[in-house]
Structures are given as structure tokens and as C-alpha cells.
Amino acid sequence: MHYDLETIDDYLHGELDEAHDAAVHAHLETCVPCRAAYDENATIRDWIRAAADAEEREFPGQISARVWETVRAAKPGPFAFLRTGWRPLVGLPVAAALAFALYVGHPFAHGGPQPGIAASDLLLEHDAQMADNPLADHGMVVPASFVDSTQPTSALIEAVDTTSASDASDGR
Amino acid sequence: MGVPRKPVEPPTPEAIAFLERAMEQYGKAAYNFAYRLTANEADARDLTQEAFIRVYRAWRSFQPGTSFLSWMYRIITNLHRDELRRKKGRYQEELPEDNAPQEFGGSKPLATDPIEDYMAGQLGGPLARALSLLSPDQRQVIVLADIEEYSYQEIADIMGCSIGTVRSRLHRARALLRRLVLREQQAQP
């Protein structure tokens with residue numbers, strides 16, 4: 001059995017898993033043709049590395065000069081101001097405009113549907129009246145929200161006063 | 001290079017510091033990588049220059065803690081590929097496809113020794129001559145695997161292809177280089 005050249009390449013590059021690597025390693029110890037193929041591939045790799053070292057070049061100064069030239073000549077793009085220190089100056093008016101738009105766009109601001117009476121509000125009002133009204137024990141108290149708005153408040157007060165006065169005179 | 005350029009944003013202190021450091025630390029490696037891909041100093045200069053401008057433009061997208069050089073090589077590889085695609089339209093015969101039979105330059109007849117032809121016709125060192133035998137993709141794989149010593153996975157990430165493709169390109173490239181390298185070795189004193 002011989003390994004194919006791709007597997008020998010993989011072994012050369014340390015790309016095999018541990019078990020496979022150990023198997024190829026042991027095989028190369030004894031198999032002359034596979035060892036020759038491995039040596040040849042290793043020779044090619046080593047030659048390429050040595051040639052690359054020998055031909056290594058310094059970084060030409062003109063590259064950095066040209067890069068800096070391009071960078072310095074850069075003109076701001078249409079949205080570049082958003083990325084610079086102008087951010088707060090632009091952000092504040094934008095935030096104010098958004099707040100104004102939200103306010104104007106809200107239904108309350110232009111006579112849209114009015115809010116309904118929340119059940120919890122009714123209960124609070126009811127509790128308050130139960131606590132203050134001396135008649136609380138004698139019947140249901142109607143919350144003020146349900147009182148007919150066409151009837152003047154003073155008439156209601158008078159009615160209560162009359163009832164209280166007649167109760168007092170009966171008692172006498 | 002004929003790469004169309006997007007507008008470059010005006011310099012900020014952070015961007016300048018990033019670019020300055022990148023060129024200082026990685027300029028030589030980037031240029032040598034570009035030179036090995038192009039086998040031509042003028043093209044390598046253009047490629048490296050454009051790559052650093054890309055780095056400057058995209059410096060905010062660099063993830064700290066990852067390899068800057070891998071990022072740089074990926075930019076150079078992509079730029080080189082784009083440039084070759086542009087040239088391919090004009091000089092189709094210069095770029096043998098990876099899976100096509102290797103014609104050693106396309107139009108040259110195989111009756112003559114292609115290695116002899118190339119050795120006689122090419123300038124530059126032995127490595128440049130050897131790499132010129134390969135397709136651009138094979139050249140990238142050989143440079144990344146044998147010179148830069150990246151793993152298959154890293155090469156696949158840089159080149160934007162699968163590990164299987166890296167493996168087959170490397171194997172094919174090595175097979176092509178075998179005769180040339182052994183001949184070079186025998187020629188050395």
C-alpha cells in the first residue's frame with residue numbers, strides 16, 4: 001500500500017489528524033517510494049522558501065508616499081459630516097425636529113379621539129367619595145363623572161343641604 | 001491599476017495612526033506578497049498601494065484580535081483577482097483556468113520544452129520564474145502555503161474558497177513545479 005501524493009502533501013503541511021499523521025509517519029519510515037515522494041515535495045517547498053528569502057524586497061518608500069498623497073487629497077463625501085465632530089450640531093436639531101413631529105403627529109394635538117375613562121379612575125373616585133360622604137352607608141354613591149353635566153353643581157349641593165336639614169328637623 | 005476607487009474620506013487622527021502603523025509594520029510583507037503574486041515590481045507597487053488605501057478606507061471594520069496580515073493578504077488577493085479578471089478580457093490566453101489542461105501560457109505549442117521557454121524568456125529570480133508557470137490561483141496557494149506557512153483553513157479564508165479547492169490547487173501547483181525545481185537544484189553549484 002502506498003499513500004497518494006495529496007496525502008503526502010497534507011502530511012508535509014501538518015494537515016492530517018493525529019492518528020492519520022502517526023500512520024503516515026510510520027509508513028514513511030519503511031516505504032521507499034512514499035519516502036521518495038515525500039522528500040521530493042519537501043525539497044520543492046524548501047526551495048521555494050529559500051528562493052523567497054533570497055528574493056525578498058524592501059518596502060518601497062514611494063508606495064507610502066503615494067498612499068499619503070491619495071489620503072491627503074481626499075474630499076469629504078456627501079455624508080462625511082455625520083462621521084466627524086459635527087455630530088452634536090447635527091444631532092440636536094434633528095432630535096428637536098423629531099420631538100416636534102411626534103407632538104404634532106399625536107392624535108391629542110389635533111382633536112383626534114379623546115381618551116376614555118379608565119376603570120381604575122372610576123374606582124378611585126368612588127373610594128374617595130365613600131370616605132367623605134356621610135351618606136355612604138345608606139346607598140350607592142354615583143361618581144361625579146356620571147353626573148349629568150347639564151345640571152348645575154349648585155343645585156346638587158342645595159339638594160343635599162335640604163335633605164340634611166329635613167333629617168335634622170325630623171330628629172328634633 | 002484600473003480599480004475604480006470610491007471616495008476616500010478625509011483623514012482623521014485615528015485613521016492616520018492606523019494607516020501609519022499598518023504600513024510601518026506590514027508594508028514589507030504586503031509588498032513581497034504582492035510581488036510574488038504579480039512577479040512584477042510595478043504591478044506589485046500598484047497592488048500594494050491600492051491595498052493600503054482599502055485598508056485606510058475600511059480600517060473601522062478590522063476586528064482587533066484577528067490577524068491583520070491575513071486581512072491584508074485577503075485584500076491583496078481580491079484586488080489581484082479583480083485586476084486579472086479585467087486583464088483576462090483583454091488577454092484571455094494569459095490566464096489558464098485551474099481545471100483546464102496546463103498549456104504553459106496558452107498559445108505556446110507543447111512540442112517545445114515549456115520550462116526551457118519560460119526560463120529563457122523570463123526575467124527576475126528563480127522563484128519569480130517558477131511562479132510564472134502557475135495559474136494565478138495556484139500561485140496564491142503556493143505562496144500562502146509554502147512561503148507564508150498558512151494552514152489550509154487560513155488559506156481558504158483568505159482566498160474565499162473551500163479547503164478541498166486549496167488542497168487540489170496546491171497539489172497541482174507542486175506537480176507543475178516539480179521538474180523546474182529539481183532542474184534548478186541540479187544547476188546550482
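The values are calculated or read from the model by the stated rules, or taken from the named source; none is laboratory data. Small disclaimer: the values here were computed from a predicted structure and weren't measured. All Cβ positions, even for glycine, are placed from backbone atoms using ideal geometry, and neighbour counts span all protein chains on display.
Which of the residues belonging to segment B:72-112 are at pLDDT 85 or above and either touching a helix residue (DSSP H, G or I) at 6+ places or on another chain (Cβ under 8 Å) or closer than 23 Å to B:A175 by Cα (or both)? Outline the logic, then answer.
At the first step, the residues of segment B:72-112 found to be at pLDDT 85 or above are B:72-86.
Matches in segment B:72-112: B:M72, B:Y73, B:R74, B:I75, B:I76, B:T77, B:L79, B:H80, B:R81, B:E83, B:L84.
Say we look at segment A:43-95 and pick out the residues that are exposed (fewer than 11 other Cβ atoms within 10 Å of the Cβ) and outside any helix (DSSP H, G or I); which of these is modelled with the highest pLDDT?
Taking the candidates together, the pick is A:E58.
Filter segment B:10-25 down to residues that are surrounded by fewer than 21 Cβ atoms within 10 Å (Cβ to Cβ) and within 22 Å of the chain's Cα centre (by Cα) and give me whichever is nearest to B:V141 (Cα to Cα). Talk me through it step by step, then tell me what you get.
First pass over segment B:10-25, keeping only residues surrounded by fewer than 21 Cβ atoms within 10 Å (Cβ to Cβ): B:10-18, B:20-21, B:24-25.
Then keep just the ones that are within 22 Å of the chain's Cα centre (by Cα); that gives B:24-25.
Working: B:E24: 26, B:Q25: 23 Å.
My answer is B:Q25.
Counting just the residues of segment A:1-19 that are surrounded by 14 or more Cβ atoms within 10 Å (Cβ to Cβ) and in a helix (DSSP H, G or I), which one comes out farthest from the chain's Cα centre (by Cα)? Steps first, answer last, please.
Step one: filter segment A:1-19 for residues surrounded by 14 or more Cβ atoms within 10 Å (Cβ to Cβ), giving A:3, A:5-13, A:15-16.
Next cut, in a helix (DSSP H, G or I) only: A:5-12.
Values: A:L5: 52, A:E6: 48, A:T7: 48, A:I8: 50, A:D9: 48, A:D10: 45, A:Y11: 47, A:L12: 48 Å.
Per the criteria, the residue is A:L5.
Among the residues of segment B:6-40, count how many are among the small types (G, A, S) and part of a loop (DSSP other than H, G, I, E, B). It would help to see each step written out before you state the result.
The initial filter retains those residues of segment B:6-40 that are among the small types (G, A, S), namely B:15, B:17, B:22, B:27, B:29-30, B:34, B:39.
Adding the requirement that they be part of a loop (DSSP other than H, G, I, E, B) leaves B:39.
Of the residues in segment B:6-40, 1 are among the small types (G, A, S) and part of a loop (DSSP other than H, G, I, E, B).
Which residues, counting only those in segment B:26-54, are β-branched (V, I, T) and surrounded by fewer than 23 Cβ atoms within 10 Å (Cβ to Cβ)?
Passing the criteria: only B:I53.
If I go through segment A:20-39 residue by residue, how many of them are crowded, with 16+ Cβ neighbours inside 10 Å and within 13 Å of another protein chain (Cβ to nearest Cβ)?
Matching residues across segment A:20-39 total 2.
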